[in-house]
Amino acid sequence: MWNDPIVEEVRRAREKILEECGFDLRKLMERLQAEHRHYGDRLVSPDEVRLRRRKRESETANEA
């Protein structure tokens with residue numbers, strides 16, 4: 001079986017975060033919500049990603 005180093009890194013990070021929360025889902029949720037409040041201005045919704053992609057594709061098509 002092939003192992004992707006990026007996937008492995010993400011899994012290690014997930015385990016570390018869960019361990020820091022004592023494997024308590026409530027604590028994990030509180031942590032995630034706190035991170036969202038702190039870094040929320042950096043988050044992009046899936047709809048925003050789609051809009052940006054369509055705009056980029058449209059601009060590329062118009063240049064051709």
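The values are calculated or read from the model by the stated rules, or taken from the named source; none is laboratory data. These numbers were taken from a predicted model, which means no experiment stands behind them. Quick reminder, even Gly has a Cβ in these numbers, built from the backbone with ideal geometry, and neighbours come from all protein chains shown. Each accessible area value is taken on the protein alone, full model and side chains, heavy atoms only, with ligands, DNA and RNA left out. Shrake-Rupley method; radii C 1.70, N 1.55, O 1.52, S 1.80 Å.
Annotations
- Ser58 meets the conditions (1) surrounded by fewer than 10 Cβ atoms within 10 Å (Cβ to Cβ); (2) modelled with pLDDT under 95 in every case but one. The failed one is (1).
- Within the range 35-55, the residues that satisfy the criterion of being of a type in the set (A, V, I, L, M, F, W, C) and within 15 Å of the chain's Cα centre (by Cα) are Leu43, Val44, Val49.
- So Lys27, is it over 17 Å from the mean Cα position of the chain (by Cα) and modelled with pLDDT of 95 or more: yes
- Every pair of residues 6+ apart whose Cβ atoms lie under 8 Å, when the first sits in the range 24-41 and is open to solvent by 90 Å² or more (accessible area, probe 1.4 Å) while the second is modelled with pLDDT of 95 or more: Lys27/Cys21
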